[in-house]
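S.K.: Got a structure here, written out as structure tokens. Questions coming.
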Amino acid sequence: MSIVAFTGGAMKQFPAHAIFLAAFLAAPAAGAQNVKVTPLGSHAGELCTRDRATIFEDPTGVRILYDAGQSVTGADDPRLGKIDVVILSHAHGDHIGDLKLKALESGTCARPEVVSAAPNSTTGEIVAAKNAAIVMVGPLANFIAKKAETIKGKPTEACAVNASDIVGPLSAPCTAFVQTGGTRTFRASASSKAVEIIPVPAMHESTAPIALLGEASRKNLQPDNMSLTLGPANGYVIRFTNGLVAYLSGDTGLHAEMQLVERDFYHASLMELNFGASALSPEGAAYAVNTLVQPVSVIVNHVNEAATSGGKVKPDTRTAAFMALVRGRPVYPALSGQTMEFDGSGKCVAGC
Ligand SMILES: [Zn+2]
Ligand SMILES: [Zn+2]
């Protein structure tokens, strides 16, 4: 792509070997074979307390939204752009999006201003507005499909497949439910290669926010203060077309599958770690990275604190304590709006 810069009049000013050298040197930064990872948080350039959402863009242009959560304004969030696939780790409000940002940058990094996203949720809104494929475990997929049906005024169909691939762009939202360990593949129509999306185990639970339930369900549950569980919580492994294998932990405590499944079987090279205080200590999170998963690179997100100031991790945070314990690999805070590019080996080659 950089060769394009050497067209026209400018080309005449360089000897042939200089043009070749410049094009060669510029090639790794061109991004054609990199996966672009863009966190969407409440405050640009920072990692804030409610931040959850991440967009992954495959080199073929397929864009996947992971855990829309509460750090987007909803379907109208201008940062979303085209979304082909929506994945969701579990039903908790901070992931499904029972609340949404009042506006970009509103409130502080520690306390962003939010408003209700009931009854549809940010996930439901975005799936409907973007005509996205819902790639989630069964009960969660069905719940989100129903939200999309309410918004669109027509049933959400199962995704059509072509030689087992869902082929985008889609003209309506569709459900591609999948169980833990199963694979769904999504391919851009112009490409022969598909992105593989696989829910993997997490140690957590998946209860739906009461505000997102209909009146009949609420009336059943509230007298006994019970919760409704929408299947198991999960993480995801995504195999991109450039060879990158990303492991998105979801909310989870330590579990042996991090080693047996994500490291030994999938050979995950990039890990996006959810560092929630109720599930992982800094020592536990560092053990997951250093010993269990051993990825090439780590993105830390879901930190439940205003972890950065001016884009730098603050020294008195849990996030800093975790990062200080990680050995032999970089940890990148999920800075909102800052696109990181990863090559097929898991190395960050731009934006980190
Ligand atoms: Zn959770
Ligand atoms: Zn959470």
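S.K.: Among the residues that make up the stretch 112-130, is at least one of them under 19 Å from the mean Cα position of the chain (by Cα) and either assigned to a loop (DSSP other than H, G, I, E, B) or on the phi > 0 side of the Ramachandran plot (or both)?
M.R.: yes
S.K.: I've got another one for you. Got a number for residues in the stretch 111-123 being over 24 Å from residue 166 (Cβ atoms), touching a residue at least 60 places away in the same chain (Cβ under 8 Å) and buried (at least 24 other Cβ atoms within 10 Å of the Cβ)?
M.R.: So the answer is 1.
S.K.: I'd like the full set of residues that are at positive phi and either crowded, with 24+ Cβ neighbours inside 10 Å or among the aromatic types (Phe, Trp, Tyr) (or both), limited to the stretch 51-68.
M.R.: Going through the stretch 51-68, the residues at positive phi turn out to be 61, 67.
Of everything in the stretch 51-68, just one residue is at positive phi and either crowded, with 24+ Cβ neighbours inside 10 Å or among the aromatic types (Phe, Trp, Tyr) (or both), namely 67.
S.K.: Could I ask something else about it? Spot the failing condition for residue 254; the list is (1) in a loop (DSSP other than H, G, I, E, B); (2) within 30 Å of residue 318 (Cα to Cα); (3) touching a Pro at 6+ places or on another chain (Cβ under 9 Å), and only one is missed.
M.R.: (3)
S.K.: For residue 298, work out the one condition from (1) more than 16 Å from ligand 2 (Cβ to nearest atom); (2) within 24 Å of residue 341 (Cα to Cα); (3) in a helix (DSSP H, G or I) it doesn't fulfil.
M.R.: (3)
S.K.: Of everything in the stretch 269-284 that's in contact with a Phe, Trp or Tyr (Cβ under 7 Å, 6 or more places away or on another chain) and in contact (Cβ under 8 Å) with a residue 40 or more places away in the chain, which residue is nearest to residue 40 (Cα to Cα)?
M.R.: Residue satisfying both the conditions and the ranking: 275.
S.K.: Residue pairs, Cβ under 8 Å, 6 or more apart or interchain, first in the stretch 226-250 and basic (Lys, Arg), second part of a strand (DSSP E or B). List them.
M.R.: Between residues of the stretch 226-250 that are basic (Lys, Arg) and residues that are part of a strand (DSSP E or B), the close pairs are 239/195; 239/196; 239/198; 239/245.
S.K.: Right, here's the next one. Across the stretch 201-229, what is the total count of residues that are more than 20 Å from residue 122 (Cβ to Cβ), within 16 Å of ligand 1 (Cβ to nearest atom) and of a type outside the set (S, T, N, Q)?
M.R.: Of the residues in that region, 4 qualify.
S.K.: Now for a different question. Can you tell me which residue is farthest from residue 275 (Cα to Cα) among those in the stretch 73-110 that are surrounded by fewer than 21 Cβ atoms within 10 Å (Cβ to Cβ) and basic (Lys, Arg)?
M.R.: Once the filter is applied, the top-ranked residue is 82.
S.K.: Additional query: Among 340, 258, 271, which is crowded, with 19+ Cβ neighbours inside 10 Å and farther than 30 Å from residue 77 by Cα?
M.R.: 258
S.K.: Could you tell me whether the stretch 219-237 includes any residue that is polar (S, T, N, Q) and crowded, with 16+ Cβ neighbours inside 10 Å?
M.R.: yes
S.K.: Scan the stretch 233-251 for residues that are in a loop (DSSP other than H, G, I, E, B) and either over 22 Å from residue 303 (Cα atoms) or away from ligand 1 (no atom under 15 Å from the Cβ) (or both) and jot them down.
M.R.: Once the filter is applied, which keeps residues that are in a loop (DSSP other than H, G, I, E, B) and either over 22 Å from residue 303 (Cα atoms) or away from ligand 1 (no atom under 15 Å from the Cβ) (or both), the stretch 233-251 yields 240, 241, 242, 243, 244.
Residue by residue, here is whether (1) within 16 Å of ligand 2 (Cβ to nearest atom); (2) of a type in the set (Ser, Thr, Tyr); (3) touching a Lys or Arg at 6+ places or on another chain (Cβ under 7 Å) holds:
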residue: 35; (1), (2), (3): no, no, no
residue: 40; (1), (2), (3): yes, no, yes
residue: 76; (1), (2), (3): no, no, no
residue: 91; (1), (2), (3): yes, no, no
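S.K.: Evaluate the following for residue 73: is it away from ligand 1 (no atom under 16 Å from the Cβ) and part of a loop (DSSP other than H, G, I, E, B)?
M.R.: For residue 73, the condition - away from ligand 1 (no atom under 16 Å from the Cβ) and part of a loop (DSSP other than H, G, I, E, B) - is met.
S.K.: Here's something else I'd like to know. Of all residues in the stretch 168-198, which are more than 18 Å from residue 344 (Cβ to Cβ), surrounded by 17 or more Cβ atoms within 10 Å (Cβ to Cβ) and hydroxyl-bearing (Ser, Thr, Tyr)?
M.R.: Listed by number, the residues that qualify are 175, 180.
S.K.: Quick check on residue 285: is it modelled with pLDDT of 95 or more, within 16 Å of ligand 1 (Cβ to nearest atom), among the aliphatic types (A, V, I, L, M) and not in a loop (DSSP other than H, G, I, E, B)?
M.R.: On the way: modelled with pLDDT of 95 or more: yes; within 16 Å of ligand 1 (Cβ to nearest atom): yes; among the aliphatic types (A, V, I, L, M): yes; not in a loop (DSSP other than H, G, I, E, B): yes.
Spelling it out, residue 285 is indeed modelled with pLDDT of 95 or more, within 16 Å of ligand 1 (Cβ to nearest atom), among the aliphatic types (A, V, I, L, M) and not in a loop (DSSP other than H, G, I, E, B).
S.K.: Let me ask something else. Filter the stretch 69-91 for residues that are among the aliphatic types (A, V, I, L, M) and either over 14 Å from the mean Cα position of the chain (by Cα) or at positive phi (or both) and give the result.
M.R.: Hits for the stretch 69-91 are 75, 91.
The values are calculated or read from the model by the stated rules, or taken from the named source; none is laboratory data. Quick caveat, the model's predicted, so the values are computed rather than measured. Neighbour counts run over all protein chains shown; Cβ positions are idealised from the backbone, glycine included.
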